[in-house]
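Asks: After the structure tokens below, expect a handful of questions from me.
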Amino acid sequence: MLSSTAGTKTRVLIVDDSSFMRMAIRGILSKDPALEVVGTANDGVEGVEKALALKPDLITMDVEMPRLDGISALKQIMAKCPTRVMMVSTLTNEGARATFEALDAGAIDYIPKNITDSADAQNAFKEELLKKVREATRSRFMRVAPGLGATTGIGDVARSSVAAAVLRSGVSSIIHTKRISYVGIGASTGGPVALQEVISRIPMNFPYGIVVAIHMPKAFTGPYADRLNAKCSITVKEAVDGEPVKPGTILIAPGGMHTQLVRGAGGLVVKTAPTTAYPQYVYIPSVDLMIGSMAEATAGAMLGVVLTGMGNDGFKGMQQLKQKGGVTIVQDEATSTIYGMPKACVDGGVADEVLPLGQIGYEIGKFMGS
């Protein structure tokens, strides 16, 4: 969490080569009495210099800039004066790939850049920016070490000290007495890096299908699935409407719409729906809808997992799962970037196990023997 005392404003540095974007972001943030824009920078070089000189609490960082791009600037800042950095990314596949590289390098979150002449688009950007900055000020400043468990499955994990401790402790033996047929995972802020850490520990011969709902825009989920597929031993792909959920494959719910799971002739099948079909769900894609529908379709024969994220999306879905007799795991507070979603499950009494991030993938893998 930010260490500033009550009443002290969160100091923000804006780094962007567009004067329009600098003014737009400054104008939005300046209207919040809890925030103070302490400076702006025109490119990555100036961004690094001002980060060192001003020592802001938070930096908004454009990705594409002259002299020094946002990711290179981020890496220098993390090496010289580690600071919360939120990337401002274009809504393109290229922007998505750059964003995930930045998250791996230590950025805490990202905000899609979608400023047009449309009043609706401008209002959406304003609301999203303020929400994300406020979340960032309440976040834990931590990240998974680069490359941790990112190459194969469980054999590599056993060589890490965290996994060795898990092996010795025999934690979670009770939940593995329950039979499952599928796994549903939900996440939000901090989720892209956390999910990579979890699934990198799941062996490629894992016998149950896995579906993931993570709050992302439409242009981001495809490149994110491709990135995970390249880094992990288990197959990862973006889900499409009508696709069956197969063993040994992780399906990422597509962004910009909702995903349900329904019972088909041979098992579960993905069913996508426009957001207008479910206006009651604020977060997109909805973790509640994904896990809740999965619980219904499996009659509770599944594992639900909720990782780091702001808000309480996932709680109602996990509640439905528990009512059906299913089993649940949530990430603990110490390793969560934002402890909102897991905390809602813990406070609501629907978490069977509360585990550090480094143990969750290993515990999922243990269901191979259930």
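Asks: Got a sec? Which of G248, G242 is more than 30 Å from E101 (Cβ to Cβ) and over 16 Å from the mean Cα position of the chain (by Cα)?
Replies: When all the criteria are applied, what remains is G242.
Asks: Can you spot a residue in region 98-110 that is among the β-branched types (V, I, T), in a helix (DSSP H, G or I) and either under 26 Å from T308 (Cβ atoms) or in the same structural domain as T221 (by TED's automatic domain parsing) (or both)?
Replies: yes
Asks: If E333 satisfies every condition in (1) under 17 Å from the mean Cα position of the chain (by Cα); (2) buried (at least 23 other Cβ atoms within 10 Å of the Cβ) but one, which is the exception?
Replies: Going through the list (1) under 17 Å from the mean Cα position of the chain (by Cα); (2) buried (at least 23 other Cβ atoms within 10 Å of the Cβ), E333 breaks only (2).
Asks: Have a look at I210, I214, I234, I202 and point out the one that is more than 23 Å from G309 (Cα to Cα), assigned by TED's automatic domain parsing to the domain that holds I360 and aliphatic (A, V, I, L, M).
Replies: On the way: I210 fails: more than 23 Å from G309 (Cα to Cα); I214 fails: more than 23 Å from G309 (Cα to Cα); I202 fails: more than 23 Å from G309 (Cα to Cα).
Exactly one of I210, I214, I234, I202 is more than 23 Å from G309 (Cα to Cα), assigned by TED's automatic domain parsing to the domain that holds I360 and aliphatic (A, V, I, L, M), namely I234.
Asks: Of the residues T60, T8, T90, which single one is more than 19 Å from I108 (Cα to Cα) and either in the same structural domain as Y339 (by TED's automatic domain parsing) or of a type in the set (S, T, Y) (or both)?
Replies: On the way: T60 fails: more than 19 Å from I108 (Cα to Cα); T90 fails: more than 19 Å from I108 (Cα to Cα).
Residue meeting the stated conditions: T8.
Asks: Could you identify the single residue in L251, L303, L268 that is touching a residue at least 40 places away in the same chain (Cβ under 8 Å), touching a Leu at 6+ places or on another chain (Cβ under 8 Å) and not polar (S, T, N, Q)?
Replies: L268
Asks: Let me ask another. So which residues in region 75-96 are at pLDDT 90 or above and among the charged types (D, E, K, R)?
Replies: The answer is K75, K80, R84.
Asks: While we're here: Being at pLDDT 95 or above, assigned to a helix (DSSP H, G or I) and buried (at least 17 other Cβ atoms within 10 Å of the Cβ) is the requirement here; does I59 meet it?
Replies: Spelling it out, it is not the case that I59 is at pLDDT 95 or above, assigned to a helix (DSSP H, G or I) and buried (at least 17 other Cβ atoms within 10 Å of the Cβ).
Asks: Which of the residues spanning region 78-99 are in contact with a helix residue (DSSP H, G or I) (Cβ under 6 Å, 6 or more places away or on another chain) and buried (at least 24 other Cβ atoms within 10 Å of the Cβ)?
Replies: V85, M87, S89, A96
Asks: Of everything in region 8-33 that's in a loop (DSSP other than H, G, I, E, B) and in contact (Cβ under 8 Å) with a residue 60 or more places away in the chain, which residue is surrounded by the fewest Cβ atoms within 10 Å (Cβ to Cβ)? Full working, then the answer.
Replies: Taking region 8-33 first, the residues in a loop (DSSP other than H, G, I, E, B) are 8-9, 16-18, 31-33.
Those left that are additionally in contact (Cβ under 8 Å) with a residue 60 or more places away in the chain: 16, 32.
Numbers: D16: 26, D32: 15.
The qualifying residue surrounded by the fewest Cβ atoms within 10 Å (Cβ to Cβ) is D32.
Asks: Moving to a separate point now. Working only within region 202-218, note down all residues that are among the β-branched types (V, I, T) and either within 18 Å of P244 (Cβ to Cβ) or part of a loop (DSSP other than H, G, I, E, B) (or both).
Replies: I202, I210, V211, V212
Asks: Sticking with this one: Which number in (1) over 22 Å from P112 (Cα atoms); (2) of a type outside the set (S, T, Y); (3) surrounded by 21 or more Cβ atoms within 10 Å (Cβ to Cβ) marks the one condition that Q280 misses?
Replies: (3)
Asks: Another question, if that's okay. Being touching a strand residue (DSSP E or B) at 6+ places or on another chain (Cβ under 8 Å) and either small (G, A, S) or buried (at least 21 other Cβ atoms within 10 Å of the Cβ) (or both) is the filter here; which residues of region 221-231 pass it?
Replies: T221, G222, Y224, A225, L228
Asks: Let me ask something else about it. Only residues that are of a type outside the set (G, A, S), at pLDDT below 50 and not in a helix (DSSP H, G or I): list them for region 125-156, please.
Replies: If the condition is that a residue be of a type outside the set (G, A, S), at pLDDT below 50 and not in a helix (DSSP H, G or I), then R143, V144, P146, L148, T151, T152 are the ones that fit.
The values are calculated or read from the model by the stated rules, or taken from the named source; none is laboratory data. Quantities reported herein were computed from a predicted structural model and do not represent experimental measurements. We place every Cβ from the backbone using ideal geometry, glycine too, and count neighbours over all the protein chains shown.
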